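The values are calculated or read from the model by the stated rules, or taken from the named source; none is laboratory data. Small disclaimer: the values here were computed from a predicted structure and weren't measured. When we count neighbours, we look across all protein chains shown, and the Cβ atoms used for this are built from the backbone with ideal geometry, even at glycine. For accessibility, only protein heavy atoms count, side chains too; no ligands or nucleic acids. Shrake-Rupley method; radii C 1.70, N 1.55, O 1.52, S 1.80 Å.
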Amino acid sequence: MRALLGGDGPAWVPREVEIPEPGAGQVRVAVRAAGLNRSDIYMMDGSYTPATKSGNAATFVPGLEYAGIIDALGTGVTGWSEGDRVMVSSLGGMAEYALADHRNLLPVPLGISWEEAAALPIGMGTEHDAVVSQAGLSQGDSVLFVGGTSGVGLAGIQIAKAFGAGKVIATTTSATKMGLPTTVGADVVVDTTTQDLTQTVLDETEGRGVDIVVDHVGGPGFSQLFGLTRIGGTVINIGRLAGPDTTINLDQLSFRRIHLIGTTFSVRTPEERAAVYAAVRDNVVPLIEKGLIRAKIDQVIAWENAPQALEILRTNRNAGKLVVKVSSVD
């Protein structure tokens, strides 16, 4: 089968490789489309190893989310059949066939294209787990999404609104992307290069601060988030786009009695990942079926141009998800 390989230079390299055979608990998916994520860059840089990556081989088939049709079942697979339309978060999507743990599969709702389905799993899993399961979003809560124009940030805004959030505020560092979060439900967008984030959030919340901060950026700016979170509120860090190092003012953390949560999928066990996607199947897929949550796609890229897609992501030129069309078969 045709595939892209990572780990052999700065770009993905086209190769012909063997079609994989599903093991116990796995399905093989004939891939139709695959989504790109910031983690794809980190894998190429060697700073991120997903829990779904096995073995010590330097090279790997990239692509952390994809959609397609089940064409083979391993032993012990229940609840799925050959021919089912599925979307999944699992490594290996930049190939004509990929293997996935059957517990992480999500059904593709009617009316959803392969390209949109491929852009949904990671955003849905990451943000529902963070905003609802861990941060405990309640009806009417105000939420700030730091890095609200990222693919997962846009997914999080939709999930927050669909699960009853009140005012939703999103940040961006690009004037050209200011309108993007409002298209998926954000009430307020703050350009942190020209606006004071803390003052804006306090003005929008009558001086109280937001109930929940969902941070995709990290880095030095993380320290200001406690001062714009309400007393007893929650700050949850998902991503480290600005780096993993920051300084925390422990007085602010303590005096405001902030609940601080850090989360990542890279070290989750198979059982933990299965629980996350079981919750998405039960709670998020029905919202996709109703049209309340949709992928925000910047562009669909032909297979022949897939290696260049990584550079688009690396230079932050996209406004929404990048998706590679792996196969033209319907």
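A few remarks follow.
- When the residues of segment 160-199 are filtered to those that are part of a helix (DSSP H, G or I) and open to solvent by 30 Å² or more (accessible area, probe 1.4 Å), the one that is nearest to Thr234 (Cα to Cα) is Thr198.
- Members of segment 225-246 found to be touching a residue at least 24 places away in the same chain (Cβ under 8 Å) and in a loop (DSSP other than H, G, I, E, B), listed by number: Ile238, Gly239, Leu241, Ala242, Gly243, Pro244, Asp245, Thr246
- Subset of segment 296-330 (residues that are open to solvent by less than 20 Å² (accessible area, probe 1.4 Å) and closer than 17 Å to Met43 by Cβ): Ala306, Ala309, Leu310, Leu313, Leu322, Val324
- Scanning segment 257-301 for residues that are without any contact (Cβ under 8 Å) to a residue 60 or more places away in the chain, assigned to a loop (DSSP other than H, G, I, E, B) and not small (Gly, Ala, Ser) yields Arg257, Ile258, Thr264, Lys290.
- Meets criteria (among the aliphatic types (A, V, I, L, M) and more than 21 Å from Arg273 (Cβ to Cβ)) for Leu91: no
- Flag if Ala278 is open to solvent by 10 Å² or more (accessible area, probe 1.4 Å), within 21 Å of Leu120 (Cβ to Cβ) and among the aliphatic types (A, V, I, L, M): yes
- Taken over segment 254-286, the criterion of being at pLDDT 95 or above and among the aliphatic types (A, V, I, L, M) is satisfied by Ile258, Leu260, Ile261, Ala274, Ala275, Val276, Ala278, Ala279, Val280, Val284, Val285.
- Leading residue by the ranking (nearest to the chain's Cα centre (by Cα)) among those in segment 21-50 that are part of a loop (DSSP other than H, G, I, E, B) and farther than 28 Å from Trp80 by Cβ: Tyr48
- Of the residues Glu18, Glu116, the single one that is closer than 19 Å to Ser327 by Cβ, open to solvent by 50 Å² or more (accessible area, probe 1.4 Å) and either at pLDDT 95 or above or assigned to a strand (DSSP E or B) (or both) is Glu18.
- Total residues in segment 1-15, condition in a loop (DSSP other than H, G, I, E, B) and within 24 Å of the chain's Cα centre (by Cα): 4
- Residue count for segment 250-263, restricted to those that are surrounded by 13 or more Cβ atoms within 10 Å (Cβ to Cβ) and either touching a Phe, Trp or Tyr at 6+ places or on another chain (Cβ under 9 Å) or of a type in the set (Asp, Glu) (or both): 5
- Among (1) open to solvent by less than 70 Å² (accessible area, probe 1.4 Å); (2) farther than 22 Å from Gly185 by Cβ - the single one Leu287 does not satisfy: (2)
- Only one of the listed residues (Leu36, Leu73, Leu110) is out of contact with any Asp or Glu (no Cβ under 6 Å at 6 or more places or on another chain) and open to solvent by less than 40 Å² (accessible area, probe 1.4 Å). That residue is Leu36.
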